[in-house]
Amino acid sequence: MQLADWPRAQGLPKVSGVLKARPEDFVVEEVFDLEFSDDGEFDWLWIEKCGDNTEYVARQLARVAGVQPRAVTYSGQKDRHAVTRQWFCVHLPGKNKPQWVVPENESWKILRQGRHRQKLRLGSHRYNRFILRLTDLTGDLADLEARLPIAAQGFPNYFGEQRFGHGGGNIDACRQWFAGDLSPGRFDRGMYLSAARSLIFNTILAARVNAENWQRGLDGDVFSLRDSGSVFLAEIDADIVQRLSEGDIHPSGPLYGSASKVAVSGAVAQLEEKVFGEFADLCAGLLKNNLTMERRALRTVPKDLQWQQIDKQSIELAFSLPRGCFATALVRELIHY
């Protein structure tokens with residue numbers, strides 16, 4: 001399907017450029033507080049990769065260790081066409097630590113390792129740290145300079161285009177699966193379900209960006225705590241307004257599923273129900289797969305956003321984002337890329 005060009009908070013940028021002219025222009029690593037127990041059944045490996053996706057490296061680790069792929073876990077998926085550093089975990093019950101030798105001709109390497117009694121679970125890390133280089137910049141560079149400090153205060157928390165596959169292919173495949181015309185494997189099923197929920201979320205966020213209320217509370221909103229993602233209901237009062245302005249809390253949008261205990265009401269519920277109706281086929285398939293409604297912040301605030309000009313046509317950005325937030329959602333607020 002053709003994805004929408006979801007609206008930007010600051011309107012269309014006046015600068016065009018290139019993101020990831022080379023993989024080295026997009027560096028991301030997990031921020032993880034970790035102290036090994038030096039015993040237990042789990043080998044943790046800090047791996048740098050470039051040109052491979054996370055699932056591929058996990059399968060290679062399973063092959064080296066002589067275990068089933070399900071014995072290898074990680075906290076989050078990382079870009080293929082980038083330099084990424086992340087933790088992997090291999091469950092080795094009753095086995096000594098193997099000799100971790102990266103096969104020849106692989107584009108990943110082990111930077112650090114340790115033994116631990118705890119398993120690495122999905123979503124365990126809190127942040128990702130990014131260093132991005134935007135190159136071949138053309139247009140009104142004063143517009144870019146003006147956008148940077150505004151974006152540092154928060155930007156719409158869209159799911160990035162990579163969530164939807166090339167040309168929105170994950171959504172097309174999801175619809176085929178829901179219609180009974182496709183029988184995907186477990187990994188692909190998870191990817192398609194995530195893409196469907198992300199499309200619904202982005203559409204609701206886009207409507208609120210257009211209405212200019214994506215970062216201020218509305219009656220009936222469910223609010224999300226900064227970083228933790230915990231949600232709560234509250235009436236709009238001076239305290240809520242102040243916490244919103246400080247970035248301590250954010251309005252939230254739905255990750256579709258069956259009704260949960262914390263639910264929106266009023267005009268917010270009407271907007272969300274309208275969008276659910278526009279994607280009735282996806283919503284029905286998500287319910288059939290037993291997903292429960294979750295909430296995601298409509299806004300994210302980059303941590304320690306810094307930028308420097310490299311030359312007349314390129315700048316470098318450095319910042320951290322909570323896990324699950326997309327650096328490309330920040331970049332699209334700054335330039336056409």
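Only the coordinates and a few stated rules stand behind these numbers; no lab work does. Keep in mind that what you see is a predicted model, and the values were worked out from it rather than measured. Heads up, the Cβs are rebuilt from the backbone with ideal geometry, glycines too, and the neighbour counts pull from every protein chain shown.
By its C-alpha gyration tensor, with a ≥ b ≥ c as the square roots of the eigenvalues, how is the range 79-119 shaped: rounded for a/c under 1.5, else prolate for a/b larger than b/c, else oblate? Note, shape of the range 79-119 comes out oblate. For the chain, the relative contact order comes to 24 percent (Cα pairs under 8 Å, sequence separation of at least 6). For the chain, the extents of the C-alpha atoms along the principal axes are 58, 53, 43 Å, listed from largest to smallest. Taking every lysine pair in the chain that is 8 or more places apart or spans two chains, those with Cα atoms closer than 17 Å amount to 8. For the range 74-182, chymotrypsin sites (Phe, Trp or Tyr not before Pro) meeting the loop criterion (DSSP other than H, G, I, E, B) and having at most 16 other Cβ atoms within 10 Å: 100.
Arranged from fewest to most other beta-carbon atoms within 10 Å of their beta carbon, 320, 260 become 260, 320. In the range 1-64, which GluC sites (Glu not before Pro) fall in coil by DSSP and have 12 or fewer other Cβ atoms within 10 Å? Those satisfying the criteria are 35.
Anisotropy class assigned to the range 11-129 is prolate, per the alpha carbon gyration tensor with a/c at or over the 1.5 cut-off and a/b larger than b/c.
For the range 194-238, the Cβ-based charge dipole about the Cα centre amounts to some 260 debye (Lys, Arg positive; Asp, Glu negative; other atoms uncharged).
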